[in-house]
């Protein structure tokens, strides 16, 4: 990845670069990098090869500015089979977001068969041509290969997403960070309508039964409901080998919806 990273290091602090900005305020951070940085520090400080980060919940209650970030973590439970980690996101010394992560030790499945939904049958990313009619959008924060539908269209929506830059300079994107950074996309993909994106998500909950084994993360919208300016949206997540988990968001109505022509720019050819 030769593109500019989202963050550089300055001692214990993480300094945002200009590409870390979000769609609602160009002077604030994008939700994807908030979630990603919390996951990054949880994994760096408390991760282990024999544990899977089975659940990551991130509450985002303020929009951080493009100033140095500090992450503090706390190991709540360090058990033989279960670890629970809390992390807090500080921007300019003020708490802006927090995370809770549950890590489960790998073991063997119990005997017997359990029903699961069938795996999706879609083309692999390499078999889908790069779009030629979509502008480079959102500073090229990611690249996609559309499968069916598009953000804001009515009907099924599926696509592949891949990262194009490091989260933190000099550190390769791990499978957990890859899917954590991508998870925020569940909001625009599930909650955008034919008049644009009118909901800003206040949280993300990522459930994983395994980590992605390939660089592409697949999204399929499976739920959206809203009333009184409050929405929920959910996407099933995949890699090229099959299902890996889900990403669910809660969101609030924004006063100024993001129009589709501007937010449709989600592909980096």
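The values are calculated or read from the model by the stated rules, or taken from the named source; none is laboratory data. Quantities reported herein were computed from a predicted structural model and do not represent experimental measurements. Neighbour counts run over all protein chains shown; Cβ positions are idealised from the backbone, glycine included.
A single member of 77, 45 is free of Cβ contacts under 8 Å to residues at least 60 places away in the same chain and assigned to a helix (DSSP H, G or I), and it is 45.
Residue count for the range 53-73 under the criterion of being closer than 25 Å to residue 211 by Cβ and free of Cβ contacts under 8 Å to residues at least 60 places away in the same chain: the result is 3. Residue count for the range 166-176 satisfying the condition of being under 22 Å from residue 10 (Cβ atoms) and either modelled with pLDDT under 95 or touching a strand residue (DSSP E or B) at 6+ places or on another chain (Cβ under 6 Å) (or both): 3.
Of everything in the range 111-127, what is under 15 Å from residue 217 (Cα atoms) and in contact (Cβ under 8 Å) with a residue 60 or more places away in the chain? Give them in sequence order. 119, 120, 122, 124, 125 - these are the residues of the range 111-127 that are under 15 Å from residue 217 (Cα atoms) and in contact (Cβ under 8 Å) with a residue 60 or more places away in the chain. On the stretch given as the range 66-88, residues that are surrounded by fewer than 16 Cβ atoms within 10 Å (Cβ to Cβ) and touching a helix residue (DSSP H, G or I) at 6+ places or on another chain (Cβ under 8 Å) total 1.
One residue stands out in the range 189-221 among those that are touching a helix residue (DSSP H, G or I) at 6+ places or on another chain (Cβ under 6 Å) and modelled with pLDDT under 95: the one that is surrounded by the fewest Cβ atoms within 10 Å (Cβ to Cβ), namely 196. When you go through 105, 98 one by one, which is the residue that is out of contact with any helix residue (DSSP H, G or I) (no Cβ under 9 Å at 6 or more places or on another chain) and under 20 Å from residue 53 (Cβ atoms)? Result: 105 is the single residue among 105, 98 that is out of contact with any helix residue (DSSP H, G or I) (no Cβ under 9 Å at 6 or more places or on another chain) and under 20 Å from residue 53 (Cβ atoms).
Restricting 63, 56, 75 to residues that are over 20 Å from residue 249 (Cβ atoms) and either touching a strand residue (DSSP E or B) at 6+ places or on another chain (Cβ under 8 Å) or modelled with pLDDT of 95 or more (or both) narrows the list to 75. Of 137, 152, which residue is modelled with pLDDT under 95 and in contact with a helix residue (DSSP H, G or I) (Cβ under 7 Å, 6 or more places away or on another chain)? 152 is the lone residue from the list that is modelled with pLDDT under 95 and in contact with a helix residue (DSSP H, G or I) (Cβ under 7 Å, 6 or more places away or on another chain). Cβ-Cβ contacts under 9 Å between residues 6 or more apart (or on different chains), taken from a first residue in the range 160-188 that is on the phi > 0 side of the Ramachandran plot to a second residue that is modelled with pLDDT of 95 or more and not in a helix (DSSP H, G or I), are listed as 170/5; 170/8; 170/9.
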